[in-house]
Every structure is written in C-alpha cells, then in structure tokens.
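Peer 1: The structure is given below, and queries will be raised subsequently.
No value in this document is a laboratory result; all are computed from the given coordinates. Here the structure is a predicted model, which is why all the values come from computation and not from measurement. Positions of Cβ are backbone-derived with ideal geometry, glycine not excepted, and every protein chain shown enters the neighbour counts.
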Amino acid sequence: MCLAVPGKVVSIDHQADPLIGVIDFGGVRKEACLEYLPDVRVGEYVIVHVGFALQRLDEESARASLELFDQLGLLEEEFGDAWEQAARQESESEVR
C-alpha cells in the first residue's frame, strides 16, 4: 500500500537539483522531492506520496493523521520498524 503521509520538513538541500528535503514522519526520516512546493520552509508540514511533497498541511491535521496512521499500524506497514531499519543500516555500513 502506498499512502500519502503527512510529515514535518526538518531540512532542505537548496543546492540539490531537484530540490530535496528530509521529512520526519513521526520519528522516521526520509528524503522527499520538494519541487512541487519550492517555497516550503523547515518546520512546515507537507503531505508526501511516493517520494514527492504534494501539499502543505497544518500541524494539527498532520499530527492527528500521524497518530491515526500509527494506531492503525499503517506507518509500520509503510515504513517498517524504525529500530529495525536503523540496525539494518548499521550492519550494512559495517560490511562496506
């Protein structure tokens, strides 16, 4: 399943082409393309679908959606377990 998930913009790489930002989805951070919202700012909330930030969202709505997604288990389904991902990334970096 592919969800449109709300997240908070925590950083923006203005040198990247296309414009890329790091989005926090309730503790899971992923990069997303910000080309559709070129004037978005760090601290704002956006809806991300398949790696693209498509729309701004107010903080209250974003938090309510994230809480509901978490209760339904949809965040884990979409992103996997954050601790498991971190352990896997650590193992992969040790192998290199």
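Peer 1: Considering amide H positions built from the backbone, and no H for Pro or chain starts, which residues 5 or more places from residue 44, or on another chain, come under 5 Å of its amide H?
Peer 2: 9
Peer 1: Taking amide H positions as placed 1.01 Å from N in the peptide plane, with prolines and chain starts having none, which residues 5 or more places from residue 52, or on another chain, fall under 5 Å of its amide H?
Peer 2: Here 33 satisfy the definition.
Peer 1: Calculated FRET efficiency, residue 17 and residue 59, Cβ-Cβ r, R0 30 Å, to nearest 0.05?
Peer 2: 0.55
Peer 1: Which trypsin sites (Lys or Arg not before Pro) in region 1-78 sit in a loop by DSSP (not H, G, I, E or B) and have at most 12 other Cβ atoms within 10 Å of their own Cβ?
Peer 2: Of the trypsin sites (Lys or Arg not before Pro), the ones in loops of region 1-78 whose Cβ has at most 12 other Cβ atoms within 10 Å are 41.
Peer 1: Turning to a different aspect of this structure: Which of the peptides 31-40, 65-74 is most tightly packed, and how do the rest follow, judged by the mean count of other Cβ atoms within 10 Å per residue?
Peer 2: 31-40, 65-74
Peer 1: Which is farthest toward the positive dipole end of region 1-57 among 26, 9, 48, measuring Cα position about the Cα centre, with Cβ charges +1 (Lys, Arg) and -1 (Asp, Glu)?
Peer 2: Highest projection toward the positive end goes to 26.
Peer 1: Also, I was wondering about something else. Give the calculated FRET efficiency between residue 42 and residue 74 to the nearest 0.05, with a Förster radius of 22 Å applied to their Cβ-Cβ distance.
Peer 2: So the FRET efficiency works out to roughly 0.30.
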